[in-house]
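No lab work stands behind these numbers, since they all come straight from the coordinates. Just so it is clear, the model here is predicted, and its values are computed rather than measured. Glycine also receives a Cβ, built like all others from the backbone with ideal geometry; neighbour counts cover every protein chain displayed.
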């Protein structure tokens, strides 16, 4: 009998929003401003949109969605989104095979 848990699943069709922090010289402005809405869609669409942004700007973005622990908490930084996008591609390959 195995005690291993089932692999964590991510609902990439969960509602999500993509937000961007205003920036100056590629740095977040934190002087009384907050991130603004770029896209309200699914987690997958937000991931896809963010991954089309230049890698050097990912730190300016956030994705907000319902937590899906342990892999997804309520707010994902741009860097964390890149990891999830890679997981999504691996899941697609697994489903294709």
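Can you compute the FRET efficiency between residue 10 and residue 36 using 1/(1 + (r/R0)^6), with r the Cβ-Cβ distance and R0 = 22 Å? Round to the nearest 0.05.
Values: r = 26 Å, r/R0 = 1.17.
Taking R0 as 22 Å, the efficiency between residue 10 and residue 36 is 0.30.
Counting each DSSP H run of 4 or more residues in the chain as -39500 (n - 2.57), what helix-only mean residue ellipticity at 222 nm follows after dividing by all residues, to the nearest 500 deg cm²/dmol? Before the final figure, lay out the partial values.
Numbers: 2 runs with 28 residues, N = 97.
Rounded to the nearest 500, the figure is -9500 deg cm²/dmol.
With angles folded into 0 to 90 degrees, how steeply does helix 78-96 sit against the dominant principal axis of the chain? Use alpha carbons for both and round to 10.
30 degrees
I need the per residue convex hull volume for the chain, using only the alpha carbons, in cubic angstrom as a whole number.
Details: hull volume 11.1 nm³, N = 97.
Dividing the Cα hull volume of the chain by its residue count gives 115 Å³.
Under 18 Å from a point 7 Å along the Cα-to-Cβ line of residue 27: which residues of region 57-87 have their amide N that close?
57-61
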